[in-house]
1. Students often get this wrong, so try it: which of (1) 14, 50, 32, 4, 0; (2) 17, 50, 27, 6, 0; (3) 13, 40, 22, 14, 8, 1 is P(r) over Cα pairs in 10 Å bins from 0, in percent as calculated from the structure shown?
2. Just from its helices, what would the mean residue ellipticity at 222 nm be for the chain, if runs of 4 or more DSSP H residues each count -39500 (n - 2.57) and the sum is divided by every residue, rounded to the nearest 500 deg cm²/dmol?
3. Length gain on complete extension for the stretch GLN16 to SER76, per 0.36 nm per residue less the alpha carbon to alpha carbon distance?
4. Sticking with the crude label model, points 7 Å out along Cα→Cβ, report the distance from ASP53 to SER26 in nm, one decimal please.
5. Please give the FRET efficiency for PHE38 paired with LEU68, using the beta carbon to beta carbon distance and R0 = 22 Å, rounded to the nearest 0.05.
6. I need the phi-derived Karplus couplings for segment 41-49: 6.51 cos²θ - 1.76 cosθ + 1.60, θ = phi - 60°, integer Hz, Gly and Pro marked x.
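Since every read-out is calculated from the coordinates, none of them should be taken as a lab result. Given the structure is predicted, the values throughout are model-derived calculations rather than measurements. Using ideal geometry, Cβ is built from the backbone for each residue, glycine included, and neighbour counts are taken over all protein chains shown.
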Amino acid sequence: MPNFRLPVENMQLLSQPKGFTYTTTSDVAETVVTITQFMEEGVKTSFVVELYDAYVEFNGTATSSSMLVPAGSGYSEEGVYITSISIINATAGENARIRGIVWGR
C-alpha cells in the first residue's frame with residue numbers, strides 16, 4: 001500500500017513529470033519505470049493498460065495478488081509516494097502494455 005502524503009506536501013508544485021510506455025516481454029514481473037532515476041518522489045500517477053490485463057504494483061514487484069487492471073481501463077491516484085511501478089501479465093503468453101505519467105518533485 002502506498003504511503004499517503006500530508007496535505008501541505010500535496011500543495012507543492014509537481015515540477016517533474018515522467019511519461020512512460022512499456023510492453024511486457026515475458027510472464028515474470030517487470031519494472032515499468034524506476035521513478036527515482038528521474039525525480040526524488042512521484043506523488044501522482046495516471047495510466048492505462050492498453051493491451052491485455054495486467055497486475056500492477058507500486059514500490060515493489062508485481063504478483064497475482066497486486067492490483068488487477070483490465071485491458072482498456074486505467075487508474076489515477078494522487079497524494080501517494082511512488083518510487084517504482086512494476087507489472088506482470090494476468091494471462092500467461094499475453095504481453096500487456098501500459099502507458100501513463102507520473103508527476104513529482
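1. So the calculated entry is the one marked (2).
2. Numbers: 1 runs with 4 residues, N = 105.
Taken over the chain, the calculation gives -500 deg cm²/dmol.
3. Numbers: separation 60, 0.36 × 60 = 21.60 nm, distance 1.69 nm.
Answer, rounded to one decimal: 19.9 nm.
4. 2.4 nm
5. Details: r = 27 Å, r/R0 = 1.21.
E between PHE38 and LEU68, to the nearest 0.05, is 0.25.
6. 7, x, 10, 8, 9, 8, 8, 10, 8
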